[in-house]
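Notes to accompany the following structure.
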Amino acid sequence: MLNGLSVKIELISLGTGRRMRIDSKTLCKILHLVGFHGWKPERIEGPAPSASWETQLIVPHINPYLSGAVSEADAAGLAAGLQNMISAEGLGLSPEVHYVALAVLAIAKGGTFEVCPEATAEVATPAS
């Protein structure tokens with residue numbers, strides 16, 4: 001979420017070239033939730049604010065992950081946390097969140113990846 005608005009985010013795996021587009025609100029929910037399943041993010045200090053999915057609580061905490069590169073070690077930790085989350089809560093997640101969690105897991109398993117607001121990603125990478 002940039003400037004308080006939900007925007008499309010593109011995740012780009014530097015290892016596999018895999019790409020996915022995701023709504024920033026859904027990405028925030030997934031990153032927030034996976035923090036309760038073992039992921040220790042490199043760019044966030046302190047624990048998640050609560051188990052609430054209220055946007056105003058999540059965004060300030062997750063904001064460092066709405067753009068920039070995610071290191072290989074951080075991506076590995078994210079992948080492990082996502083696997084734990086999907087195993088523990090998979091059937092309890094909404095279909096959209098479950099599907100996106102699986103897609104983010106596929107990106108994270110590829111190692112280092114970029115997180116770009118969609119407009120930036122389109123400018124930074126040539127169309128194929």
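The values are calculated or read from the model by the stated rules, or taken from the named source; none is laboratory data. Just so it is clear, the structure is predicted and the values come from calculations on it, not from any experiment. Don't worry about glycine lacking a Cβ; one is built from the backbone with ideal geometry, like all the others, and counts go over all protein chains shown.
Filtering 87, 52, 71 for residues that are modelled with pLDDT under 90, more than 19 Å from residue 8 (Cβ to Cβ) and hydroxyl-bearing (Ser, Thr, Tyr) leaves a single hit, 52. Of the residues in the range 106-118, at least one is over 11 Å from the mean Cα position of the chain (by Cα), closer than 13 Å to residue 27 by Cβ and surrounded by fewer than 18 Cβ atoms within 10 Å (Cβ to Cβ).
Note on the range 84-114: residues that are assigned to a helix (DSSP H, G or I) and either more than 14 Å from residue 36 (Cβ to Cβ) or touching a residue at least 40 places away in the same chain (Cβ under 8 Å) (or both) amount to 21.
Check whether at least one residue in the range 25-48 is surrounded by 15 or more Cβ atoms within 10 Å (Cβ to Cβ), modelled with pLDDT under 75 and part of a loop (DSSP other than H, G, I, E, B), and report yes or no. Yes, the range 25-48 has at least one match.
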